[in-house]
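Report on the following structure.
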Amino acid sequence: MPSLSLNGKSILLVISGGIAAYKSLELIRLIKKSGGSVRCVLTKGGEQFTTPLSVATLSEEQVYTDIWSLKDETEIGHIRLSREADLVVIAPASANMIAKLAHGIADDLASTALLASDKPLLIAPAMNHVMWENPATQDNIKTLQNRGILQIDPGTGDMACGEFGMGRMAEPEEIFGAILGFFNEEKPLSGLTALVTSGPTYEPLDPVRFIGNRSSGKQGHAIAEALATQGADVTLVTGPVALPDPAGVKTIHVETAVEMLETCHKALPADIAVCAAAVSDWSATTIMSRKIKKRGDRIPPDLKLKENPDILAMLARPAPKRPALVIGFAAETENLIEAAQEKRQNKGCDWIIANNVGSTEKIFGADENHVYLITENGAEEWKRTSKKVVAKKLADQIADHFLTQKTQIAAE
Ligand code: CTP
C-alpha cells in the first residue's frame, strides 16, 4: 500500500445493491484512516446488504438514503451531496446502477445526486458474470468509459451466487489504491500555489448599512475550483456570497477591502494570483457606532468616503513575494479592450479578464460570462459560455503558461 494520504479530501460513496456492499465498509475504514472524509448514499438495494447504522458508524457522518426526506433535503439536498465532494465513488456499482448512469435515469437519491454531479466519478462494478458479460451491460460500460468515467475492473473467481466468472467487485484495498492514485497523480498545476479573491466587499457605514458592489462570486469561486482541479494548492479569499465553499480549496471569509488585503498578504507567497473580487472602491472615513437616524429635515447624511487599497495593484507591484503570474478582472461599460489594456498596464498585472458590464448581456449573478483575455500580446475573445467553462479555460491557459516557462528554462 503506498504511503500517501487523503488528508482534506472528501469522497461521496454511493453503495448500490450487491453482496459486495459488505466490502464498502472496509473501504470507508481505509478512507477515514488515511485522513479523508466520506459521506455515503445507500440505495434501496444497498440497504438490503448493509445497514445505514454500520455505514454511519464507520463514516462518522449521516447516511443519505431517501430523496423525499424533508430533513436531508433541507439540510444538504441532493445537489450539494456531490458538489461538496472532491470525488464520487460508486462501490459496488450494480448492473442497474450502471444502466441508470449510462441513460441519465434519476429515480432515487443516488441516481439523482449522480445526474446532478459535476465531479470526477470512479465506479467499481459488481454483479453476476452473465450480467457483466451481457451486451447491454457492456454497451453501458462503453458509454461510461467514453464519458471519461474512471473504472476499476471486476475480478474473476467464485461468486456469491455459486457460479464462477468475471464480476466480483475489486477488493477494498484496490479501490482505495485507485482513490489514492486519483488524488496524487501529477496534474498540470501540481506543486504550484494560487491565491484567488472573489465576491464583493462590504464597507460598513453604521451597524446596519454598508456600501458594496454587485458580485455573486460565481466566477471567482469557479476559478478557485478549476485551479484546484488542475492540482494547484489554492487559497480563496472571499467577501460575503451565498455560495458553498468550493471543494478542495482553502477558503477564508472576509468582509471589507482592508480585511481582504491583509488576508491576501498573509497567504503569500503564491505562484499565481487571480483577483476576481468586486472590491468596493471606497469606504466610510468614519464608521458610526450607532445607526445613522433620519433627521426629519429630508437632507441625507453627508457621507465622507476614502479610497480603499487596490489589492490587485498591491499584489502586482514589484516585490520579492510578487506572484509570478498576476491576473485581474476589468468590468467596463465602454471601450472594453482599450480600457482593459490600460488597466492591465496601470495596475502592473500580467493578464486581465475583461467583460462588458454595460451591454444588454446579463453578467452579474448570471451563470454565464462573455470575456476577453487581455495579455501583452493582445486580446482573445471567449464567447458567451458558462462561468465554469471560463474558469476551466483560464486554468488551462495558466497551466500552458507555466509549462512554456518550464520548457524555456530547461532549454537554456
Ligand atoms: N481591484 C482590487 N482592489 C480594489 C479595486 C479593484 O483588487 N480596491 C481589482 C478587482 O478585483 C479586479 C480589478 O481590480 O481584478 C479591476 O476592478 P475594476 O472595478 O474593473 O476596476 P477599478 O480599479 O475599480 O477601476 P474603475 O472602477 O475606475 O474602472
Exercise for review: Among the numbered conditions (1) at pLDDT below 90; (2) more than 12 Å from residue 126 (Cβ to Cβ), tell me where residue 159 comes up short.
Suggested key: (2)
Practice item. Only one of these is out of contact with any helix residue (DSSP H, G or I) (no Cβ under 7 Å at 6 or more places or on another chain) and either surrounded by 21 or more Cβ atoms within 10 Å (Cβ to Cβ) or closer than 25 Å to residue 387 by Cα (or both): 178, 160, 170. Name it. Key: 170
Check your understanding: Can you name the residue in the range 347-389 that is in contact (Cβ under 8 Å) with a residue 12 or more places away in the chain and part of a helix (DSSP H, G or I) and is also farthest from the ligand (Cβ to nearest atom) among such residues?
Key -> 388
Practice item. Search the range 262-299 for residues being polar (S, T, N, Q) and farther than 25 Å from residue 234 by Cα, and hand back the single one that is least open to solvent (accessible area, probe 1.4 Å). Key: 283
Study note, to complete from the structure: Counted residues in the range 366-383 being exposed (fewer than 15 other Cβ atoms within 10 Å of the Cβ) and more than 17 Å from residue 215 (Cβ to Cβ) come to 6
**Study point:** Condition met for residue 280 (polar (S, T, N, Q), under 19 Å from residue 204 (Cα atoms) and within 16 Å of the ligand (Cβ to nearest atom))
**Key:** yes
Practice item. With the condition kept exactly as written, say whether any residue in the range 321-335 is part of a strand (DSSP E or B), more than 9 Å from the ligand (Cβ to nearest atom) and open to solvent by less than 100 Å² (accessible area, probe 1.4 Å). Key: yes
Point to revise | Inter-residue pairs, beta-carbon under 7 Å, first of a type in the set (Ser, Thr, Tyr) and in the range 248-272, second in a strand (DSSP E or B) and open to solvent by 20 Å² or more (accessible area, probe 1.4 Å), 6+ apart | key: 256/202; 263/252
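Yes or no, residue by residue, for (1) in contact with a His (Cβ under 6 Å, 6 or more places away or on another chain); (2) assigned to a helix (DSSP H, G or I); (3) surrounded by 22 or more Cβ atoms within 10 Å (Cβ to Cβ):
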| position | (1), (2), (3) |
| --- | --- |
| 7 | no, no, no |
| 13 | no, no, yes |
| 19 | no, no, no |
| 26 | no, yes, no |
| 31 | no, yes, yes |
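The values are calculated or read from the model by the stated rules, or taken from the named source; none is laboratory data. None of the values given here were measured: they were computed from a predicted structure. A quick note on method: Cβ atoms are made from the backbone with ideal geometry, for glycine too, and the neighbour counts reach across all protein chains shown. The protein model used for the area step is the full one, side chains on, heavy atoms only, and it has no ligands, DNA or RNA in it. Shrake-Rupley method; radii C 1.70, N 1.55, O 1.52, S 1.80 Å.
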